[in-house]
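Read through the structure below, which is laid out as structure tokens, and then see the notes.
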Amino acid sequence: MSGTTVIRSPNDKKEYRYLVLESGLTALLIHDPEITAQGPASGGDQDDGRKAKRARTDKGAKAGGKKEREHEDEEGDMSEGLDEDEDEEDEEGESDEGESGDEGEEEDSSGSGSGDEEMDGNGGKRGSKGDESGDGDDDEEGGGGKKEETAQKKAAAAMCVGVGSFSDPEHMQFMSVVKTLYEKAVKAHAEDPAITPPELAAILEARRFPPKWTTLARFPHLWDSICRGGLSHYLEHMLFMGSVKYPSENDYDEFISEKGGSSNAYTELEHTNYHFEVSPDALHGALDRFAQFFLAPLCLEGSLEREVLAVDSEFSGVQQEDACRVSQLICHTAEVGHMYRSFSWGNKKSLWDEPKAAGIDIRGEILKHYEKHYSAERMCLCVLGGESLDTQEDWVRSLFEGLPSGKGPRPDFVDAGMPYKGRHFYAMPAVKDHHEIAITFPMPSLFKLYRKKAEHYISHLVGHEGAGSLLSALKRRGWATDLCAGIDPDGHSQNTACHLFGITVTLTEAGLAAGPGLGLAVVDMVFERLGSRLGRGWAWRWWL
């Protein structure tokens, strides 16, 4: 299917084509006349043979209410168009004064993401970092002037797969679950005689997976400890490790690097994104290798432990980052049984040690997860190049022919309910020397109302910095230095189950100590202002 009109700016010189292939794959093709195939990209030769480093670029940081990368719109329709002018404005700077409360969600949410530094809040990059800094020809010429650099635009592609950490299988952390259930059963036995610790002890000693959890089903009120172990993230890593057509596990990374490009990927809660950029003359070769991720990945046994150690290293590297610790607190404090109450990142313990001890075939689980969820109708492809749209379409149809399909629409979680009931207060010491207080309001998912942008109005009212604003009142008292309000474009803040509207205030020492302490005087002022601006019923309904 084709022929859908893509709305664009009058100043946009690109050409677009929107396709839905017979397999169900959605594709957006972009012809940029400024992308040419004349010679290698600047600096491409300097990266010859460099092996790409991979690191997860996962859930967005909440620090300061701003995101460090672009985010894929969970429900965005590619046919709604791309506004080039908006992209350029985003690159020029932040929003004007008086709208800083919108910074968290004003960033473009229709892009494919750049994989900038963030991991479960603030992580590192996953991709092969091609040299893009120039080829060293900027020698000074007479008079001390430098030769003018002419950076070459690169071709690029991205694939978004509509499955993420919310779909991780539960049984991958069987041993951890059983141990936790057993410990809870021992404590609860005195209160509930129906709970018999010896039965759970037998399961623990058997060290085997009970079919369909029939044994543990007798203790449904203890299932809150079930923790999905990060298999979607692990699968993301393994797809880079060779395919049937290109069996060398470094073939893709080396090709991208040799052609002056870079690649990256990240796993969110409801989608996984893979993307690359490369010298224009290498787009077809890169697409060919890229397509094999989704056609015939090998997931070789010999690569499993190396990649799980890479996942574990990423997890270990951010444990002292405040944004990541807050992200995990968000998970840990969710309602019992809710999918938020999970460990979606994954580490060696959850993905290797405990599954091995439970006799789980790890490679088999990865392949089953791939076969269950990676289906063409759940995928969206975007290609940007200097070739004509007809050429790009021919490439996409030939290279991505044979994608697995037939699994149906991507999973959604509209019936999961709210992750929080409210009226809870948590205090957590910061690693960095700063004080913040964050107030979170759960609300129904707003994806179907994305044209309305109602949350942007509230964000503007709360985050306004001018005279008479909440921030100006806090500054007069010497209690705060900054305030951000809005819905962050990360998986926990935006998904099909709910949206989380947040107000984050950066406190001074006086603000931290005011009233009963711990910033509660600031909280009181926030709700007082919400009541006067938006109606007391709205403000206190969420609070209570």
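The values are calculated or read from the model by the stated rules, or taken from the named source; none is laboratory data. What you see is a predicted model, and the numbers here were worked out from it, not measured in a lab. Ligands, DNA and RNA are excluded from the accessible area calculation, which covers all protein heavy atoms including side chains. Shrake-Rupley method; radii C 1.70, N 1.55, O 1.52, S 1.80 Å.
Computed values, structure above
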item	result
Solvent-accessible area per residue for the range 407-493 (1.4 angstrom probe, square angstrom)	58 Å²
Rounded if a/c under 1.5, otherwise prolate or oblate - the range 216-360, Cα gyration tensor axes	prolate
Accessible area (Å², per residue) of the range 245-350, counting only protein heavy atoms and a probe of 1.4 Å	32 Å²
For the range 388-544: rounded, prolate or oblate by the Cα gyration tensor [a/c cutoff 1.5]	prolate
Rounded percent of accessible protein surface that carbon and sulfur make up, the range 318-398, 1.4 Å probe	51 percent
Rounded Å value of the spacing that divides the Cα centres of the range 388-467 and the range 295-330	22 Å
Share of carbon and sulfur in the accessible heavy-atom surface of the range 409-526 [1.4 Å probe, %]	58 percent
